[in-house]
Amino acid sequence: MNRLLICNSQRNELDSLQAVLSKYTLHLMASWDNKPVNLDGIDAIILDVNFTQAQGLDFLMEVCSKTYIPVLLITPPDDPQCAIEARRIGAFNYCVKTGKLNSVLEMAVREMLFAFSDQRELKRTIMAQKARIAELEAQLKAKTGGEAEVHSTDKALPTNQQKRAPMLQEIAKRLNSGEINLPSFPSISLEMDRLVQRDAGIEEIAVLLRKDMVISAKLISVANSPRYGGLRQSTTVDQAINVLGLSTTKEYVEIIANRALYMARNPKYQDALKDLWKHGVACAHASFRIAQLAKLSKPSEVFFMGLMHDIGKLFLLQVISELQARDVIDPATSKDTLDAFLEKHHGLFGRKLLEIWKLPPEITIVAQFHDALDQSTSVTRELLAVSLGNLLAKCAGYGIYNEKRDDPLMESTAKSIGLDITDIQKVLNELTVFMEETGLSFD
């Protein structure tokens, strides 16, 4: 039976939580004296916003800096920044503290424990790729001058930084030992997908979305943006869904829900993660329009593939950020060096992360081969659509990119999916309008 630590300073709330979570072995904590916490034997933590004067975030930082354990933060209903900050620090997920909290808390805890178990499976999968990693390291050494360069670098470093393992090897080692907080797939995206699949009505979908104040507020903002806003402004989630339609609402829920993943403990990487998310959104929309123009059967699925295509870079940046915060690895010698590392390895790590999230093979393949079509044994039209969407998003300058518009690869990829230069220009023009008029904040 899983053992939960409930951190809450209100006695009446502790009693209520005990009743809701009675199927688990519970340990209670009503206060904290800012000293290290012994979490031996604890499988997960339920942390309430009232636990400390800093909304429990100081306690969360103490826990996340010392151990790898899932934490569910109960956040205030009127402070979305608290939820965002909690995810940045390392909270596994959060629930909003409303009158309906007790009705959803047990499900949220159950899903958190399942997702955490899946992450352990990811670590085993990564270590199963040991031979592949060794091969990649050999290639990297061949390009950088091998051991000679390592020895010469060691001489210039302080003693406490010498003889550190290569970054890739250290990442694999730390993941396997359970020392890294891995990103979990946003549960609200899964719930939204289930509702859409069974043709749920607007009211039922609105009930789901109202559980997340961040998504609700941003969805209303999008509905009122120049792209969708009309004479009547939306003030509720129900009205926003009516304006956008179910299909478009689902796409924006995926965009907004995934934004919370793009946070790093090290502020040094926040700009890179913001650019990466912005590029992902641009690629998703471009891929969607390409799928429509090429008459693919399910453009909305291609949209999601585009949103996930660079998830490996997100994964690696978060791991690198965390390892550097712990002084386990050295910072990259330059931005170009870091970019090259991400480009080289993100495909494999992205595919493995999506596999542990139990996403379909056609999505995981896109994550690995969207910019390496020649290495894929099966090039589907969906993969081509995302590959072209990725190039067009770079061409439009979304993210850190600024590709040439006359790139031969762009034209050849478009031709492979049945499009031409006119279609490319059309998608580029529409992409710029989409990114500027949706009302999304990329900060």
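The values are calculated or read from the model by the stated rules, or taken from the named source; none is laboratory data. Everything numeric here is computed off the predicted structure, so don't read it as measured data. Please note: Cβ atoms are built from the backbone with ideal geometry, for glycine as well, and neighbour counts cover all protein chains shown. Side chains are part of the model used for accessible areas, which takes the heavy atoms of the whole protein and leaves out ligands, DNA and RNA. Shrake-Rupley method; radii C 1.70, N 1.55, O 1.52, S 1.80 Å.
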At a threshold of 8 angstrom on Cα-Cα distance, excluding pairs fewer than six apart, so keeping six or more, what relative contact order does region 167-319 reach in percent?
22
How much solvent-accessible surface does Val37 expose, in Å² to the nearest 10, with a 1.4 Å probe and all protein chains in place?
40
Pop out the carbon and sulfur fraction of the accessible area of region 229-346 as a percent, whole number, probe 1.4 Å.
53
If the chain between Glu203 and Arg227 were fully stretched, how many nm would it gain, using 0.36 nm times the residue separation less the Cα-Cα distance?
6.3 nm
Would you work out if region 206-330 is rounded, prolate or oblate? Take a ≥ b ≥ c from the square roots of the eigenvalues of the alpha-carbon gyration tensor; rounded if a/c is under 1.5, else prolate when a/b is larger than b/c, oblate otherwise.
oblate
Between Asp327 and Gln425, what length in nm is gained on full extension when 0.36 nm per residue of separation is reduced by their alpha carbon distance?
30.6 nm
At the level of C-alpha centres, the distance separating region 7-57 and region 206-280, in angstrom, is 31
Flagged links, alpha-carbon separation over 28 Å, of Lys298/Lys352; Lys278/Lys352; Lys218/Lys335; Lys344/Lys415; Lys218/Lys295; Lys278/Lys358
Lys218/Lys335; Lys218/Lys295
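Leaving out ligands and nucleic acids, note down the accessible area per residue over region 195-282 with a 1.4 angstrom probe, in whole Å².
The answer is 43 Å² per residue.
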Mean Cβ count within 10 Å, highest first, over the residues of peptides 72-85, 16-29, 247-260
247-260, 72-85, 16-29
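If we sort 306-314, 205-213, 191-199, 412-420 on the protection proxy, mean other Cβ atoms within 10 Å, highest first, what's the order?
With the highest mean Cβ count within 10 Å placed first, the list reads 306-314, 205-213, 412-420, 191-199.
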Ranked from highest to lowest mean number of other Cβ atoms within 10 Å per residue, what is the order of the peptides 283-289, 393-399, 223-229?
283-289, 393-399, 223-229
